[in-house]
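Contents: one structure, followed by commentary.
Values quoted throughout were computed directly from the atomic coordinates according to the rules given, and no laboratory measurement underlies them. Bear in mind that the values here come from a model prediction, so they are computed numbers and not experimental data. Counting neighbours? That spans all protein chains shown, and the Cβs are built from the backbone with ideal geometry, glycine included.
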Amino acid sequence: MWHSICKFVLTNPSVAIFLTLGLGYLLGRFHIKSFKLGATVGVLLVGLVIGQMGKFQIAPVVKNLFFDLFIFTIGYEVGPVFINSFKKKGIKFIIQSVIFSVIAFGVAFGFFKVFHVKFGEAGGIIAGALTQSACIGTANSAIEALHISAAAKQAAMSQVAIAYALTYVFGTVGVLIFLKNIAPAILHVNLKEATKKYIETNHIKSQTQGVKLSSNIRIRAFEITKDSELVGKSVQAFDQANDGLVIEEIYRNKQPLTSSKIILKPTDVIIVVGNIKSFASFSNSHTALKEIDVNNYPIQLKKATVLLTKEYSYNTLEKFLANGVLIDSAQHDGKNIEDYTKLTTGDHVTLVGPANYLKNNIKLIGYVKAAGTKTDVSFMSIGIFLGILLGAIVITIHKIPLTLGGGGGALFAGLYFGWLQERHPNTGVIPPSTAWLLKSLGLNLFIGVVGLEAGSGFVTALKEMGWLVFVIGVFVSILPHFFTLLISKFLLKMDIVDNIGSLCGSGTITAALNAVNAETDSTVFALSYTPTYALGNIFLTVMAPLVVALLA
């Protein structure tokens, strides 16, 4: 009976793939406090177990297609932040991220050479110890490009998967504990007190209560008389002279006017939206206006989904809410969030409010994403196509072939196309829900296939690796954070909050960010996490194929 089941699954690998995904995502929900196993590790472990049924023969194109979709989407999302991070304001964050990546590479490569670690194992250690799952794909791409036998390639790819599984858990939990508890102790700092002082020094408003929707917004209608000071004034002049108020619509002879260059005339009816306090001041200074029943002039509210860019700030969002704008929903990484204080660059916010106000002010926090849920498949496909071509380029230095591989090429193409889409918001749209699916399913289907193919040789490879891989992974996880912490403190003169937040980003370890947020009851660490997270995704992902090329 068992033999028949194994034979059926082996001859129908799609059954094994979807079973691996289903059980892997369930296992990934397991968590202990701040540590969450995650779908990727769950899928890999289940794949390795199911892989014990026998040797799976799955066409390589299956892995490559889904990984390219995943890595391009990563680049697409972090591209605008990556480009914008090269500004003078964030130069210390950029320097720190570069320092971290250089130290991580130096530490890892040093251990690999001293202990004669195989290039497959090395790629897996980079991926697991530095918690950068994308490295599995870029390492495998580099292995595919090597001039070795197919059997040797398959063995090396199995080593990548197993080394990743052995080192990932400590790479997450160990670094989380280091950044949350050990790093502040090394610098003799109370993290909670330091965070409080940082907020006060930088005049950052307390964000523990979240954004409160204003109930003081009013809509009123006025008829302009011939004696009014508004006669001959433009709509723009009105908005500039009356802070907290905005003319939403104008009616002339009972017909709405649509031009943006309207000059107000007697008998015009203006529909004004704004805060009740602003109306009090306005009424006192414009006694010649005649107020009429606003119910006779219903206005249309506009709903717009906005991508937050580097211009975004929490204070600006509060001003929006004080001027008749409501938040309909907010998403981070494709998932809805309720605490709007955690919004940051790259998130999506759906706003509802007066059309003119939104049109004139959205640029203060970001730009409107194109309406609808359709993905620009042409834009995405051409981007991946160009990325694969870029990854096919091989540069030989001292007889060492260096290449980005298909994965690395797709990453850099995603960076450029993401930046391009920010410049042209109505072109190349990938909705947040689609982006989440491409990232999650793209990576984990790839990981599932890797696990299934590596499963049959898992026990043998594990015996061959022993504890050495795990021990090396511990050092590769901690030492880059330790050295970068000290360099950032004493050479870059970074505050402990910026230092730790930036390290969370440079190491692309969101679990640590969540842990320090919970420890200090503050989300201020996200300010330094965002730009370095974008850089870390790039630097660490490229590191894996470089290590493979040098060790091969």
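For the chain, the 222 nm mean residue ellipticity estimated from helices alone, with every DSSP H stretch of n ≥ 4 adding -39500 (n - 2.57) and the total spread over all residues, rounds to -19000 deg cm²/dmol.
For the pair Ala151 and Ser313 in one chain, pulling the backbone fully straight at 0.36 nm per residue adds 52.9 nm over the alpha carbon distance. Averaging 1/r over every pair of different alpha carbons in segment 302-368 and inverting the result gives a Kirkwood radius of 11.6 Å.
Take each peptide in 105-111, 347-353, count the other Cβ atoms within 10 Å of every residue, and average; sorted highest first, the result is 347-353, 105-111. Take every pair of alpha-carbon atoms less than 8 Å apart whose residues are at least six positions apart; their mean separation over the length of the chain yields a relative contact order of 29 percent.
Quick check: from the Cα gyration tensor, does segment 415-552 come out rounded (a/c under 1.5), prolate or oblate?
Here segment 415-552 falls in the oblate category.
For the Cα trace of segment 115-163, dividing Rg by the Kirkwood Rh returns an Rg/Rh value of 0.95. The modelled label-to-label distance between Lys363 and Ile263, using points 7 Å beyond Cα along the C-beta direction, is 2.4 nm. Applying a threshold of 20 Å to the alpha-carbon distances of Lys261/Lys290; Lys303/Lys363; Lys196/Lys319; Lys197/Lys493; Lys277/Lys302 flags Lys261/Lys290; Lys196/Lys319; Lys277/Lys302 as lying beyond it.
Each residue of segment 467-484 was assigned a 3J(HN,Hα) from its phi angle through the Karplus expression (A = 6.51, B = -1.76, C = 1.60, θ = phi - 60°), giving 7, 4, 4, 5, 5, 4, x, 4, 5, 5, 6, 8, 4, x, 5, 5, 5, 5 Hz with x at Gly and Pro.
Placing unit charges on the Cβ atoms of the charged side chains and taking the dipole of segment 302-368 about its Cα centre, the candidate lying farthest along the positive direction among Leu317, Asn336, Leu364 is Leu364. In order along segment 7-13, the phi-based Karplus estimate (6.51 cos²θ - 1.76 cosθ + 1.60, θ = phi - 60°) of 3J(HN,Hα) comes to 5, 5, 5, 5, 8, 10, x Hz; Gly and Pro are listed as x. As a calculated quantity, the FRET efficiency between His424 and Ile91 at R0 = 35 Å, using C-beta atoms, amounts to about 0.80. Peptides 538-548, 480-490 ordered by packing proxy, namely the average of other Cβ atoms within 10 Å per residue, highest first: 538-548, 480-490.
The charge dipole of the chain, taken about the Cα centre with unit charges on the Cβ atoms of Lys, Arg (+1) and Asp, Glu (-1), comes to about 300 debye, rounded to the nearest 20. Remark: the Cα gyration tensor places segment 217-296 in the rounded category, a/c being less than 1.5.
Residue ranges 10-19, 441-450, 191-200, 120-129 sort as 120-129, 441-450, 191-200, 10-19 when ordered by packing (mean number of other C-beta atoms within 10 Å per residue, highest first). Our summary of shape: the Cα atoms of segment 417-493 have principal axis extents of 54, 48, 17 Å, ordered from largest down, in whole angstrom.
Amide H to amide H, with H built 1.01 Å from N, Ile262 comes under 5 Å of Val235, counting only residues 5 or more places away or on other chains.
Ranking Val497, Thr484, Phe67 by Cα position along the charge dipole of the chain, where only Lys, Arg, Asp and Glu carry charges on their C-beta atoms, puts Thr484 farthest toward the positive end. Here Cα Rg over 2.2 N^0.38 Å was calculated from the structure, and among (1) 1.43; (2) 1.26; (3) 1.14 it sits at label (3). Entry note: segment 473-552 has Rg to Rh equal to 1.02, where both radii use alpha-carbon atoms and Rh is the Kirkwood radius.
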